[in-house]
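The values are calculated or read from the model by the stated rules, or taken from the named source; none is laboratory data. Note that the structure is a prediction, hence the values are computed from the model and not measured. Heads up, the Cβs are rebuilt from the backbone with ideal geometry, glycines too, and the neighbour counts pull from every protein chain shown. Surface accessibility is based on the protein's heavy atoms, side chains included, excluding ligands, DNA and RNA. Shrake-Rupley method; radii C 1.70, N 1.55, O 1.52, S 1.80 Å.
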Amino acid sequence: MSDGLEALLDGQLAYYRARAPEYDEVYAERGFRTLTGLVEQLPVSGDVLELACGTGQWTVRLAQRATHLTAVDGAPEMLDIARRRVEAAGVTATFEQVDLFAWQPRRRYDTVFFAFWLSHVPPQRFAAFWAMVAQAVRPGGRVVFVDTDAAERDTERVVPGDRATVLRTLKDGSEHEIVKLFHDADGLAAELGKLGWTAQVDPAAGGFIRGVATLTDRSARG
């Protein structure tokens, strides 16, 4: 990883650590209110791994469908909120703080789930990320994800000359540059196909996409 990319990813983590107290506000906005209900429409079951669980907005619903749920994130502030949310909901999950750009799963899961994480994986790390996911999913298991549709790019302050990063401002006025890729549903499915996945990626109401992927080429575990 280049020094520049490493610094960008360090800054991205710092942004989400600082954003944790205000992160849930986005789920009160139009389009996000019922978004987590998509879990009921997606094939989430069995032993589930949630990557980048954030404040646990999805974690509670996943825990209701899983036989066991492991939720990981890089920001301890996010994990603290997620733990409290899960406890308040009366469900259970195992939480772990990890660096998702360096972490390797110790076992495999029936379902690997992530919401609004793939768009924060830089192009240089895309193949490596999916190789890690391949190590996490059991034969016959599924990867399920939700993210922002490419059409939403116009709602962000894209860094000039760089289609892979945007500028975000927190309530304290601090400005942060983070990775933000806006994946087109068909284009994303095609990219995953090149990595040995069979993926169905569809638009979802509100400016989002949802996808389900299975590993068809086991050699992609590499």
Within region 147-204, of all residues that are in contact with a His (Cβ under 9 Å, 6 or more places away or on another chain) and β-branched (Val, Ile, Thr), the one modelled with the lowest pLDDT is Thr148
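Residue check: is Gln57 under 24 Å from Val137 (Cβ atoms), in a loop (DSSP other than H, G, I, E, B), open to solvent by 30 Å² or more (accessible area, probe 1.4 Å) and not basic (Lys, Arg)?
yes
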Of the residues Thr59, Thr94, which is of a type in the set (Val, Ile, Thr), in contact with a helix residue (DSSP H, G or I) (Cβ under 6 Å, 6 or more places away or on another chain) and free of Cβ contacts under 8 Å to residues at least 40 places away in the same chain? Thr59
Is it true that some residue in region 82-100 is under 13 Å from the mean Cα position of the chain (by Cα) and either part of a strand (DSSP E or B) or buried (at least 19 other Cβ atoms within 10 Å of the Cβ) (or both)? yes
Residues being crowded, with 18+ Cβ neighbours inside 10 Å, assigned to a loop (DSSP other than H, G, I, E, B) and either out of contact with any strand residue (DSSP E or B) (no Cβ under 8 Å at 6 or more places or on another chain) or among the hydrophobic types (A, V, I, L, M, F, W, C) (or both): count how many of those fall in region 102-115. 0
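Results for (1) surrounded by 19 or more Cβ atoms within 10 Å (Cβ to Cβ); (2) touching a residue at least 12 places away in the same chain (Cβ under 8 Å), shown as yes or no for each residue.
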{"position": "Trp130", "(1), (2)": "yes, yes"}
{"position": "Ala136", "(1), (2)": "yes, yes"}
{"position": "Asp147", "(1), (2)": "yes, yes"}
{"position": "Gly161", "(1), (2)": "no, no"}
{"position": "Arg168", "(1), (2)": "no, yes"}
{"position": "Ala190", "(1), (2)": "no, no"}
{"position": "Ala199", "(1), (2)": "yes, yes"}
{"position": "Pro203", "(1), (2)": "no, yes"}
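Every residue, every condition in (1) farther than 22 Å from Pro203 by Cβ; (2) touching a residue at least 40 places away in the same chain (Cβ under 8 Å); (3) open to solvent by 20 Å² or more (accessible area, probe 1.4 Å), yes or no:
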| residue | (1), (2), (3) |
| --- | --- |
| Ala7 | yes, no, yes |
| Leu35 | no, yes, no |
| Val44 | no, yes, no |
| Ala63 | yes, no, no |
| Leu69 | yes, no, no |
| Glu77 | yes, yes, yes |
